[in-house]
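Report on the following structure.
The values are calculated or read from the model by the stated rules, or taken from the named source; none is laboratory data. Bear in mind that the values here come from a model prediction, so they are computed numbers and not experimental data. Neighbour counts run over all protein chains shown; Cβ positions are idealised from the backbone, glycine included. Surface areas here come from the heavy atoms of the whole protein model, side chains and all, with no ligands, DNA or RNA. Shrake-Rupley method; radii C 1.70, N 1.55, O 1.52, S 1.80 Å.
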Amino acid sequence: MDLMTMILKMGEGLGKTCAIFFLTLLFSLPLGMIVALLRGSKNKIVSSVTRFFISVLRGTPLMLQLIAVTYGPYYLFHLSVSRNKLIPVVIAFAINYAAYFAEIYRSGIDSMPVGQYEAAEVLGYSKAQTFIKIILPQVIRRILPSMTNEIVTLVKDTSMAFTVSYQEMFTIGKQIANSQTSFTPFIVAGVFYYIFNAIVGFVMGRAEKKMSYYDM
Amino acid sequence: MSILSMTNIEKSFGNLQVLKDISFSVEEGEVVSIIGPSGSGKSTLLRCATFLETIDSGVIAYDDNPVTTMVGDKCVYAKNLNDFRRCFGLVFQNFNLFPHYTVLKNMMDAPVSVLGRDKEEVKAECMELLKKMGLEDRADAYPCQLSGGQQQRVSIVRALAMKPQILFFDEPTSALDPELTGEVLKVIKELAEENMTMVIVTHEMQFARAVSDRVIFMDGGLIVEQGDPEKVFGNTENERTKQFLSNYNR
Ligand SMILES: Nc1ncnc2c1ncn2[C@@H]1O[C@H](COP(=O)(O)OP(=O)(O)OP(=O)(O)O)[C@@H](O)[C@H]1O
Ligand SMILES: [Mg+2]
């Protein structure tokens, strides 16, 4: 198989790689905020249960979680394995990344000086207004660098979907490598990820710049 | 009718009683300074008056409307605290401006989104206030682009934009370089001349003496003495006050 065919074949899988990437962000970014707020809840039970789930999700391999979500229903309840593997893959990714984003959100929220809350409270802002108008914009600014790190990791982690044979770019590359006994597909995959992350870096850099109109 | 009255206020942090049976009131147009050594409870008193801390017992009232009532030995707060919050403004030692908002937005946002007032009307008022402060050309600047003195003046006008009946200051110049305190004190003095009702916690004794109608000296969570500034600063008979002031007059 010549290089061009290889690139085209793997390129076909890139759409699915992007699907994992964007759908994971779409669900895990807001889900992470909900988890972060539950984690910081005044209710001790809610916060400890949330903390426990976060620690499980961060303390076990994503690969294992992918297998659990994809095949778990079959082994546990004898349900058929879903035909479209994108669904279990995105569920596993979204939950896993929500746990990581939650920790980033929380550290950002905790880093806010209490004076910001007090100034807002005295001015009569409601709790929701204070969070949305005063706290959140500053938190986003603070956590953007850590978010960039996490999103770069997500790009690379999409390759994990090969464990459940979801036909994204890396899975296809691995299949070609096996059938052709060639190392080239891995190099192609590496280049794809590198370019993907260069774009992510560019976009996030622009976002950081856009938000740095003020000093903290 | 008192704008603010605090009666028999008690406040503890754990085992540490910080306010002990504090009672005082502030009349319309009055400027009251609170002085006292570090740790005497001055900030805590202001924070209780502005609901940033909850009191253990006693009665806080604005315009003779009680904010707290004693039910047995429990202190119960009114439900409509936000209505009471409209009565006052608080100027913090370290400004606490919103860094992601411009000067104008810092001032306008609460009147518009908390009080639901008309944006254009609020904007006109805020620009007027900024002009008075000589800060109209900084309306679109961010707080980080201002000097400390300018930031504190902005935080004063942010409070004024809510049209409070009474303004509290907690050491408004303590975070400033000495050469910048003057511009902030001047603003407060001008407000005093316009009969703004104010309670000022300060270590600036000269200023307190010049600007206030009444001085409260606190020590160890108690009001040790209160009265006319000339009397307190000039010829107090209280030994503790004398001792405290002598540290400043050296
Ligand atoms: N949130 C808190 N938790 C526990 N103790 C507190 C708290 N806030 C204040 N204190 C204690 O209460 C006492 C009074 O503090 P406060 O800040 O009211 O004093 P102050 O008169 O404003 O002093 P300063 O002139 O240094 O500002 C101090 O002993 C302080 O350590
Ligand atoms: Mg203090």
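Among the residues making up the stretch A:165-197, a single one is touching a Pro at 6+ places or on another chain (Cβ under 8 Å) and open to solvent by 30 Å² or more (accessible area, probe 1.4 Å): A:174. Residues of the stretch A:92-105 include none that is without any contact (Cβ under 8 Å) to a residue 60 or more places away in the chain and surrounded by fewer than 20 Cβ atoms within 10 Å (Cβ to Cβ).
May I ask you to verify whether residue B:51 is under 28 Å from residue B:72 (Cα atoms), among the aromatic types (Phe, Trp, Tyr) and either more than 14 Å from chain A (Cβ to nearest Cβ) or within 13 Å of ligand 2 (Cβ to nearest atom) (or both)? Criteria not met by residue B:51.
I need the full set of residues from the stretch A:95-142 which are more than 10 Å from chain B (Cβ to nearest Cβ), closer than 29 Å to residue A:157 by Cβ and among the β-branched types (Val, Ile, Thr), in order please. Hits for the stretch A:95-142 are A:95, A:104, A:109, A:139.
For the stretch B:142-171, give me each residue that is part of a loop (DSSP other than H, G, I, E, B) and either open to solvent by 10 Å² or more (accessible area, probe 1.4 Å) or free of Cβ contacts under 8 Å to residues at least 24 places away in the same chain (or both).
Filtering the stretch B:142-171 down to residues part of a loop (DSSP other than H, G, I, E, B) leaves B:142, B:146-147, B:161-165, B:171.
Once the filter is applied, which keeps residues that are part of a loop (DSSP other than H, G, I, E, B) and either open to solvent by 10 Å² or more (accessible area, probe 1.4 Å) or free of Cβ contacts under 8 Å to residues at least 24 places away in the same chain (or both), the stretch B:142-171 yields B:142, B:146, B:147, B:162, B:163, B:164, B:165, B:171.
Scanning the stretch B:172-186 for residues being open to solvent by 40 Å² or more (accessible area, probe 1.4 Å) and within 16 Å of ligand 2 (Cβ to nearest atom) gives a total of 2. Scanning the stretch B:187-221 for residues that are assigned to a strand (DSSP E or B) and either more than 16 Å from ligand 2 (Cβ to nearest atom) or touching a Pro at 6+ places or on another chain (Cβ under 9 Å) (or both) turns up B:197, B:198, B:200, B:201, B:214, B:215, B:218, B:219. For the stretch B:7-59, the set of residues classified as surrounded by fewer than 19 Cβ atoms within 10 Å (Cβ to Cβ), under 27 Å from residue B:207 (Cβ atoms) and near ligand 1 (Cβ under 8 Å from one of its atoms) consists of B:37, B:38, B:39, B:53, listed by residue number.
Restricting attention to the stretch B:208-241 and to residues that are within 16 Å of ligand 1 (Cβ to nearest atom) and under 11 Å from residue B:31 (Cβ atoms), the residue that is surrounded by the most Cβ atoms within 10 Å (Cβ to Cβ) turns out to be B:215. Restricted to helices (runs of 4 or more DSSP H) entirely inside the stretch A:102-189, those with at least 3 residues that are among the small types (Gly, Ala, Ser) and farther than 30 Å from residue B:117 by Cβ are A:169-180. Against the definition (away from ligand 1 (no atom under 16 Å from the Cβ) and more than 14 Å from chain A (Cβ to nearest Cβ)), how does residue B:129 come out, yes or no? So residue B:129 fits the description; yes.
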